[in-house]
Amino acid sequence: MITRSLYQTSVAQLRAGSNGQTFQSFARWAEGIEGLAPYSGCMDVWVIRAGKVGEREDWCFANGYAGGGFTEIDDLSLCRSRDEIKTVYKRCRPTDGEARVNTNSAQLWLLRGRVKVGDLVVMPLKRGAKKISIGRCTNEYTYLPNEIASQRHIVKVRWEKTDISRSAVKQDLLYILGSALSFFNPKKNDAAWRIERLLTTGSDPGSRAVSGDTDGQTDVESGDEIEGEGVDVVEAARDVIRSYIKENFKGHKLADLTAAILEARGLTCVVSEPGPDKGIDILAGSGPLGLDEPRIVVQCKSGESAVGSDVVQKLLGAIGGGFWRSARSARGFRRNQWTGKSTFE
């Protein structure tokens with residue numbers, strides 16, 4: 001009979017002495033055994049950022065890394081506890097105050113001592129459309145002495161999804177992922193289980209806590225658990241607006257919202273009626289009649305993924321006939337795409 005204690009012992013042994021594939025195979029096999037923790041309970045989830053403005057994102061993807069930063073800190077490979085890391089930290093940054101030493105040493109201990117092979121790594125992106133990337137740790141803490149100072153403290157990661165839309169994540173989880181810390185272990189609101197499902201299904205199912213099912217959480221010592229204390233206020237505000245638009249402006253309502261934004265910018269708009277619009281949702285232009293430049297043809301699409309080429313071709317075909325063909329020949333049209341971020345900024 002396989003007991004929970006035997007299961008947990010086997011997980012610990014596999015983590016310590018096997019590769020990530022073996023560990024994951026065992027975990028998935030055990031997932032269906034009654035009374036045992038689900039797969040997400042076998043591992044931890046870590047948020048590891050790639051710089052204040054995402055300056056290490058391309059480097060992380062190109063090399064299969066996560067981490068970096070803490071430029072003055074020496075190699076931590078020989079450290080076996082948070083206290084040992086604190087000793088190294090104080091030596092390298094002797095002017096830092098005690099609170100800063102404690103917070104940063106705790107973060108570095110997560111990277112050095114607690115991220116294990118098979119764990120999920122989340123990297124919220126700061127550049128471009130600000131997607132969310134998720135991968136699995138394939139090798140634990142490594143120090144890269146030949147890299148530049150900001151790219152030395154890393155774990156190796158196999159990035160499995162790098163373009164998850166923030167609109168696929170519920171607001172409470174976005175708030176947790178918005179911590180200002182560089183490295184942390186999200187534990188609240190069933191975060192580990194939800195991130196696992198986000199990776200496998202592409203959407204956040206929400207917390208199971210409402211039904212009392214929270215077995216997916218991993219027990220850790222409270223002294224080792226570092227929750228996000230600060231929040232990226234700007235990004236959190238964007239997430240709230242994005243969620244509101246997603247929930248309240250689906251379908252034709254998005255065209256009404258977009259027209260209102262254009263009108264606030266001084267344009268005159270004509271919005272098509274609900275129903276077939278032959279590829280054009282809004283005609284907009286300057287002047288009292290909307291006939292002066294700039295003149296804009298708009299097609300609105302609401303969804304969690306980027307529009308495909310068929311949508312662009314449909315719009316180009318729509319402006320290719322009649323008056324709009326003449327207008328395009330005379331003045332030309334430039335094609336531009338508003339993302340969700342563009343809409344509410």
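Values in this text are rule-based calculations from the coordinates and carry no lab data. Note that the coordinates shown come from a computational prediction; the quantities given were computed from them, not determined experimentally. Virtual Cβ from ideal backbone geometry, glycine too; neighbours counted across all protein chains shown.
Within segment 168-176, can one find any residue that is of a type in the set (Phe, Trp, Tyr), under 20 Å from Pro205 (Cα atoms), within 15 Å of the chain's Cα centre (by Cα) and not in a loop (DSSP other than H, G, I, E, B)?
Within segment 168-176, one or more residues are of a type in the set (Phe, Trp, Tyr), under 20 Å from Pro205 (Cα atoms), within 15 Å of the chain's Cα centre (by Cα) and not in a loop (DSSP other than H, G, I, E, B).
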Legend entry - Residue, nearest to Gly135 (Cα to Cα), within segment 169-195, restricted to residues that are out of contact with any helix residue (DSSP H, G or I) (no Cβ under 7 Å at 6 or more places or on another chain) and surrounded by fewer than 20 Cβ atoms within 10 Å (Cβ to Cβ): Lys187
Inset, instruction - For residues that are within 19 Å of the chain's Cα centre (by Cα) and of a type in the set (A, V, I, L, M, F, W, C), scanning just segment 52-107, find the one that is nearest to Asn185 (Cα to Cα). - result: Ala66
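Listed here are the residues, each with its yes/no results for (1) of a type outside the set (Gly, Ala, Ser); (2) over 23 Å from Asp58 (Cβ atoms); (3) out of contact with any Ser or Thr (no Cβ under 8 Å at 6 or more places or on another chain).
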position: Leu144; (1), (2), (3): yes, no, yes
position: Ser165; (1), (2), (3): no, no, no
position: Tyr175; (1), (2), (3): yes, yes, yes
position: Ala180; (1), (2), (3): no, no, yes
position: Asp190; (1), (2), (3): yes, yes, no
position: Arg197; (1), (2), (3): yes, yes, no
position: Thr200; (1), (2), (3): yes, yes, yes
Inset, instruction - Please work out which one of (1) within 22 Å of Phe249 (Cβ to Cβ); (2) not in a loop (DSSP other than H, G, I, E, B) is the condition Asp204 fails and give its number. - result: (2)
Legend entry - Residue identified as surrounded by fewer than 20 Cβ atoms within 10 Å (Cβ to Cβ), touching a Phe, Trp or Tyr at 6+ places or on another chain (Cβ under 7 Å) and among the hydrophobic types (A, V, I, L, M, F, W, C) among Val121, Val101, Val155: Val101
